[in-house]
Amino acid sequence: MKIIVLMKQVGNKDAILRINRDETWIEEGDLSFEVNESDGYALEEALRLREKHGGEVVVCSMGPQRVKSVIKDALARGADRAIHIAGDDLAHVGPFASATILAEAIHGEQPDLVLTGLQSDDYGFAQTGVILAELLKFPHATIVIEVDASGERLRVKRELESGWYQWYSMPTPALLTIQSGISQIRYATLKGIMAAKKKEIREVTPSAEALSGAAQHQRVTKIYFPLKTKQTQFLGNGDAKAGAAQLAEKLRTEARVI
Amino acid sequence: MSNGILVFAEHRAGAFNKTSFEAIAAAQQLGTSLQQPVTAVVLFTDDSLAREVAAYNVAKVISAENPSLAEYTPDAYTDAMEQVVRATDPQYVIMPHTYLVRDYAPKLSARFGKGVISDCIRANASGDRVTFSRRIFLGKIDADVVSDGEPPVFATFQSGAYRAEQAEKGSGAQIESMPVEVGEVRMQPEPAFQEVKQAVDLTKTDVIVAIGRGIKSQENIALAQGLADALGGDLAASRPICDAGWLPIDRQIGSSGQTVAPKLYVALGISGAIQHLVGMKNAGTIVAVNKDPEAPIFDIADYGIVGDLFEVVPVLTEEIKRLKG
Ligand SMILES: Cc1cc2nc3c(=O)[nH]c(=O)nc-3n(C[C@H](O)[C@H](O)[C@H](O)COP(=O)(O)OP(=O)(O)OC[C@H]3O[C@@H](n4cnc5c(N)ncnc54)[C@H](O)[C@@H]3O)c2cc1C
């Protein structure tokens, strides 16, 4: 089974975000980057499927040279090889264009399965995978929390809202978007890190045609911190311990919960 | 020329989702600002479900019908909706941002060579230009978005962005049956189910101390447990804590966990992503401790401490013991 895993690099979740001068994106200069959370789980699922059924895991990431760190980490964790779709602005092209570029890059690979996270932690479009499935003419399922590839058809468990679940079956090749928590993620071992150095990273650039699909169906005009709607009483004024003492008092006298 | 707003009303096994009425409210408001008619669409085998939607103030309800629409599949829904969109030629297609819509709307929009303006919290029309606002970075930042492309524009609205009660009732809209063709349906659904009864029922506790990724490690959970004990409450968590296996899933609060409304909810090191907020925003008193002053959790907190939870929690625990003592 050949599995392609699409992995995106996003800003570190713990970072304090600052808005850039144009108010169109965040200041990236002071950010550190990491792999998008659910994409990490998608890779883990791919590695487990390969352990069970054999085959190959190919990682694909798009973006500037810095995304190589995501790729190298994936190779160290066990992916066999990688495709890097290189381009400085590729993080901002919108979901349809992203999917078009990805489709072009992986089309020739003829995968049995394409896995990716259910949404990115930055733009949060939650659609690149589904659009890609449509472009590749693959059936798909989203928010997947279990994959059974042992039968003739692929069987996947999907998370629905408020504690409901549902199994779907479908033929392969197929595309699945994976929910965080599908399994426990392994860390790269030293051996894995050494082995990764010899693995292939094929660098490709999108064709002008694929890029032209980047017509602006959604153009960001401005970003800003959300307007606060609730009057929060901030306690302690920077002194965490004083805040804690004040809070205990307020919980008793104002909120009357103790 | 494209005109009007098409709004998708979602149901599962015949029961409409509350967010469908929120989407209708969004579509009606947009329709009023743009002076364009609103058409609702229901997908099913016959027109029996369309009546409930026809009670709302819309120009008409399209009942798109095919035996393959008895149960949701992305293939059947996309085929059906594509025909309805092409037949009605709207400027905007409005949908609720539910798990079902997330599963097929991008496939639908792809057939029109574009993506969806997803998970919006607002839409403002000025003249005939609509600016959609959506949350990015897990709720930390808002982005205003416009579409420069050809219609239709596909947009989904976050749960709670509009209130279902705001959806205006009408005098009974006309129902138009539209038989639609559905091609090969490749996905086969099995019946939906709930996991066996949860061991912990957090909906009945008065006090919840919830931990998020800010707790850093499993060993540190004891600290939060200490606070929960002092308050006489229960421990709960955001999703990443349960994903990591640090707490069992039945302690997870949010859209894919439990929905609670205790008297007191203390959020320690939780950023406040929408999927978490929907599970706890109706709590009586909400306390948030977070070192990031811009964390979205503060938007719904009554009391906030900007600071390190590892400094706050021991003092808070001691103070509460003292006050209770
Ligand atoms: C379909 C779907 C369903 C989901 N369902 C759920 C769900 O049911 N429940 C849920 O919770 N999430 C759910 N999520 C995930 C959700 O989007 C967020 O990723 C998640 O809630 C984030 O958890 P968190 O706040 O603990 O972590 P983060 O967002 O990483 O936040 C950690 C916070 O801790 C703060 N912090 C760090 N260190 C300290 C310190 N020492 N002291 C004080 N503060 C500190 C940081 O400033 C940050 O704000 C779902 C997502 C999707 C896409």
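The values are calculated or read from the model by the stated rules, or taken from the named source; none is laboratory data. These figures come from a predicted structure and were not determined experimentally. Neighbour counts are summed over all protein chains in view; Cβ atoms, including those assigned to glycine, are modelled from backbone coordinates with ideal geometry.
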Answer yes if at least one residue in segment A:199-208 is at the interface with chain B (Cβ under 7 Å from one of its Cβ atoms) and either under 30 Å from residue B:310 (Cβ atoms) or in contact with a helix residue (DSSP H, G or I) (Cβ under 6 Å, 6 or more places away or on another chain) (or both), and no otherwise.
no
Going through segment B:218-248 one residue at a time, which ones are without any contact (Cβ under 8 Å) to a residue 12 or more places away in the chain and either near the ligand (Cβ under 10 Å from one of its atoms) or of a type in the set (Ser, Thr, Tyr) (or both)?
B:243
Given (1) in contact with a Pro (Cβ under 7 Å, 6 or more places away or on another chain); (2) modelled with pLDDT of 95 or more; (3) facing another protein chain (nearest Cβ under 10 Å), where does residue B:97 come up short, assuming only one miss?
(1)
What are the residues in segment A:78-90 that are over 11 Å from residue A:7 (Cβ atoms) and not in a strand (DSSP E or B), if any?
A:78, A:80, A:87, A:88, A:89, A:90
For segment A:170-198 the number of residues that are within 14 Å of chain B (Cβ to nearest Cβ), surrounded by 19 or more Cβ atoms within 10 Å (Cβ to Cβ) and either small (Gly, Ala, Ser) or within 16 Å of the ligand (Cβ to nearest atom) (or both) is 8
Residues within segment B:304-325 that are farther than 17 Å from residue B:224 by Cβ and crowded, with 20+ Cβ neighbours inside 10 Å, tallied:
2
Filter result (β-branched (Val, Ile, Thr) and either under 17 Å from residue A:128 (Cβ atoms) or part of a strand (DSSP E or B) (or both)) within segment A:1-57:
A:3, A:4, A:5, A:10, A:19, A:26, A:35, A:57
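With B:82, B:52 as the choices, which residue is under 25 Å from residue A:127 (Cα atoms), of a type in the set (D, E, K, R) and within 24 Å of the chain's Cα centre (by Cα)?
So the residue among B:82, B:52 that is under 25 Å from residue A:127 (Cα atoms), of a type in the set (D, E, K, R) and within 24 Å of the chain's Cα centre (by Cα) is B:82.
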Select the helices (runs of 4 or more DSSP H) contained entirely in segment A:157-258, then report the ones holding at least 3 residues which are at pLDDT 95 or above.
A:190-196, A:240-253
Would you point out the residue of segment B:125-158, among those that are within 16 Å of residue B:27 (Cα to Cα) and in contact with a helix residue (DSSP H, G or I) (Cβ under 8 Å, 6 or more places away or on another chain), that is farthest from the other protein chains (Cβ to nearest Cβ)?
B:128
Options A:71, A:83, A:26; residue that is over 30 Å from residue B:292 (Cα atoms) and in the same structural domain as residue A:175 (by TED's automatic domain parsing):
A:83
Report every pair of residues separated by at least 6 positions or lying on different chains whose Cβ atoms are under 7 Å apart, first residue within segment B:169-186 and touching a residue at least 24 places away in the same chain (Cβ under 8 Å) and assigned by TED's automatic domain parsing to the domain that holds residue B:56, second part of a loop (DSSP other than H, G, I, E, B) and of a type in the set (Val, Ile, Thr).
B:170/B:58; B:173/B:58
(1) crowded, with 20+ Cβ neighbours inside 10 Å; (2) touching an Asp or Glu at 6+ places or on another chain (Cβ under 7 Å); (3) of a type outside the set (A, V, I, L, M): which one isn't true of residue B:214, the others all being true?
(2)
Quick one: which residue in B:235, B:264, B:277 is facing chain A (nearest Cβ under 9 Å), aliphatic (A, V, I, L, M) and out of contact with any Cys (no Cβ under 8 Å at 6 or more places or on another chain)?
B:264
Could you list all residues from segment B:249-275 that are within 18 Å of the chain's Cα centre (by Cα) and more than 8 Å from the ligand (Cβ to nearest atom)?
B:258, B:259, B:260, B:261
Could you list all residues from segment A:45-61 that are buried (at least 18 other Cβ atoms within 10 Å of the Cβ) and either over 15 Å from residue A:112 (Cα atoms) or under 17 Å from the mean Cα position of the chain (by Cα) (or both)?
A:45, A:46, A:47, A:57, A:58, A:59, A:60, A:61
Counted residues, segment B:282-307 - those being more than 7 Å from the ligand (Cβ to nearest atom) and touching a residue at least 60 places away in the same chain (Cβ under 8 Å)
3
Restricting segment A:120-145 to residues that are part of a loop (DSSP other than H, G, I, E, B) and closer than 16 Å to residue A:40 by Cβ, the residue that is nearest to the ligand (Cβ to nearest atom):
A:121
